[in-house]
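Before any comments, here is the structure.
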Amino acid sequence: MDWKNLPKETREMTSFLNLVLDETIELGNEDFVTTYIRCFGVKCHGIIETAMNYELDEVHWRCTKCSKSGVIRNIFGDLKE
Ligand SMILES: [Zn+2]
């Protein structure tokens, strides 16, 4: 798939998730820790908190202000390929 043909929101979300992933792997924390990453929510001034779950091979993230949150799965599986 051509990256440029993806909707703007998808590209922004992918960039956001890559940022979250990089930062969380760098920090390596298993409890939620505040990052420098700003929430992408419209009019939201929250900061993103992230946590690693090594056992499940996941990164969990959430906003400190709004309800946005998510899980990035199979993180090390992707890196090995
Ligand atoms: Zn937010």
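No lab work stands behind these numbers, since they all come straight from the coordinates. Because the structure is a prediction, the values reported are computed rather than measured. Methodologically, a virtual Cβ is constructed for each residue, glycine included, from the backbone with ideal geometry; neighbour enumeration extends over all protein chains shown.
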- [ ] Determine, for region 3-80, the count of lysine pairs separated by eight or more sequence positions (or lying on different chains) whose alpha-carbon distance falls under 27 Å.
- [x] 8
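Under unit Cβ charges (Lys, Arg +1; Asp, Glu -1), what dipole magnitude, rounded to 20 debye, does the chain have relative to its Cα centre? Before the final figure, lay out each step's value.
Working: 10 positive and 14 negative charges, 123 e Å.
I would put it at about 600 debye.
Given the rule -39500 (n - 2.57) for each run of at least 4 DSSP H residues, summed and divided by the residues of the chain, what is its mean residue ellipticity at 222 nm, to the nearest 500 deg cm²/dmol?
Taking each H run of at least 4 residues, the total per residue is -10000 deg cm²/dmol.
What shape does the chain take by its C-alpha gyration tensor, where a ≥ b ≥ c are the square roots of the eigenvalues and a/c under 1.5 counts as rounded, a/b above b/c as prolate, and the rest as oblate?
Details: a/c = 2.21, a/b = 1.06, b/c = 2.10.
Taking the square roots of the gyration eigenvalues as a ≥ b ≥ c, the chain is oblate.
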Open item on the list: Assuming 0.36 nm per residue, please report the length gained on full extension of the stretch residue 67 to residue 38 beyond their Cα-Cα distance.
Closed with: 9.1 nm
